[in-house]
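Here is the structure we will look at, set down as structure tokens.
The values are calculated or read from the model by the stated rules, or taken from the named source; none is laboratory data. Treat the numbers as computed from the prediction; the structure is a model and nothing was measured. A quick note on method: Cβ atoms are made from the backbone with ideal geometry, for glycine too, and the neighbour counts reach across all protein chains shown. Calculation scope for accessible area: heavy atoms of the full protein, side chains included, ligands and nucleic acids excluded. Shrake-Rupley method; radii C 1.70, N 1.55, O 1.52, S 1.80 Å.
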Amino acid sequence: MRAETFSGYEGLKLIELLKPAVTDGKVLVRMTAAGVTPLDHTILSGKFPHPLKAPLVLGNEGAGVVEEGGGTDFPVGSRVMFFGAYGAFEDGTYSEWVAVQKKDLCLIPDNVDDVSAAGIPVAYLTAQVALTLAGFRAGKTVLAPAIGGSIGNAVTQSARALGAKHAMSSTTNHAKAEQAKALGFNEVIDTSLEKLGDGVRRITGGYGADIVIDGIGGEVLSEALGALALGGSLITLGYSASRKATIDVTNLIVPQASIRGLNMFAQPKASIRAAWEVIVSLLKSGAIKPIVAKTFPLIEAVDALRYLIEGRPFGRVVLTI
């Protein structure tokens with residue numbers, strides 16, 4: 001499924017391409033599933049911050065089986081998951097075959113199925129890299145708004161599994177708050193009932209959040225800044241609500257807090273590798289568990305994207321291939 005133009009949903013078309021050739025450092029992967037992310041929609045809509053070239057096969061994460069070029073690390077038949085510049089700077093995972101940089105691959109643990117694995121890389125790698133960047137360690141209090149979204153969910157699960165004192169999230173939707181509770185997320189702030197900052201202070205007994213990982217932007221970022229504890233830090237890495245936020249600078253000055261951005265495409269290889277090691281360990285122990293809201297066959301990629309963006313489901317949307 002390729003974006004022939006960056007003109008919105010109608011730009012996505014089913015086409016036939018030759019199987020990619022495997023060159024040095026690349027591994028041929030037969031795709032079984034691809035994660036659908038808000039970034040795919042941003043690119044398809046022509047709103048990516050850097051100019052990209054159409055036509056382009058979308059999708060920057062997925063799962064599949066090694067067919068060729070994996071060597072002893074990734075033998076033929078190995079199940080792998082990966083994330084990288086695919087679907088942005090080169091053809092991506094909305095495809096039957098992808099030539100993947102060997103450095104981007106990670107073996108899928110035996111207790112994780114391919115559909116779940118396809119939705120792991122972007123969410124959990126971003127969560128782990130962001131937590132590390134923010135100086136996370138056991139005992140810290142963490143807030144990641146939007147529990148139903150991939151980042152809110154992954155950060156909350158990971159922080160809790162790694163020993164956070166509080167692993168908080170939020171939702172504007174009362175039904176999602178109830179769904180979160182049923183799934184064992186006990187520190188979700190329902191912002192239809194209370195303000196984000198008030199919820200954080202209630203849960204933490206007035207202390208605030210040591211770390212905020214925000215994948216939403218807009219007003220949520222502004223409110224989350226006001227919930228930071230002394231010396232707290234906010235990592236901003238997404239803008240699904242809005243690219244523009246108005247901040248009260250005293251929310252940074254008074255608690256001597258900090259704000260910084262995270263671009264996953266710019267992370268050093270060592271950071272990604274270290275993050276994978278933590279994630280795989282947590283997956284094997286069952287301490288983190290990806291949540292898949294719905295799957296669609298590859299040919300229904302338009303419907304999958306529309307469901308993600310307009311339906312705002314609780315959990316990941318995955319294409320089966």
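Quick notes on this structure:
- Failed criterion for S233 (all others in (1) in a strand (DSSP E or B); (2) in contact with a Phe, Trp or Tyr (Cβ under 9 Å, 6 or more places away or on another chain); (3) not β-branched (V, I, T) hold): (2)
- Against the test of being in a loop (DSSP other than H, G, I, E, B) and either β-branched (V, I, T) or farther than 30 Å from E310 by Cβ (or both), the options A287, A270, A245, A274 yield a single qualifying residue, A287.
- One residue stands out in the range 38-64 among those that are within 20 Å of E16 (Cα to Cα) and among the aliphatic types (A, V, I, L, M): the one that is surrounded by the most Cβ atoms within 10 Å (Cβ to Cβ), namely L58.
One line per residue, one yes/no per condition, for (1) in contact with a helix residue (DSSP H, G or I) (Cβ under 6 Å, 6 or more places away or on another chain); (2) among the charged types (D, E, K, R); (3) closer than 19 Å to L125 by Cβ:
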site	(1), (2), (3)
P20	no, no, no
E67	no, yes, no
G70	no, no, no
F74	no, no, yes
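- Screening the candidates I253, I299, I259 for the property of being of a type in the set (V, I, T), exposed (fewer than 14 other Cβ atoms within 10 Å of the Cβ) and without any contact (Cβ under 8 Å) to a residue 60 or more places away in the chain yields one hit, I253.
- Look at (1) buried (at least 21 other Cβ atoms within 10 Å of the Cβ); (2) polar (S, T, N, Q); (3) more than 22 Å from the chain's Cα centre (by Cα) and you find that T72 fails only one, number (1).
- When restricted to residues that are within 12 Å of M168 (Cβ to Cβ) and touching a helix residue (DSSP H, G or I) at 6+ places or on another chain (Cβ under 8 Å), the range 207-230 contains 8.
- Given (1) modelled with pLDDT of 95 or more; (2) open to solvent by 30 Å² or more (accessible area, probe 1.4 Å); (3) among the charged types (D, E, K, R), index of the condition R316 fails: (2)
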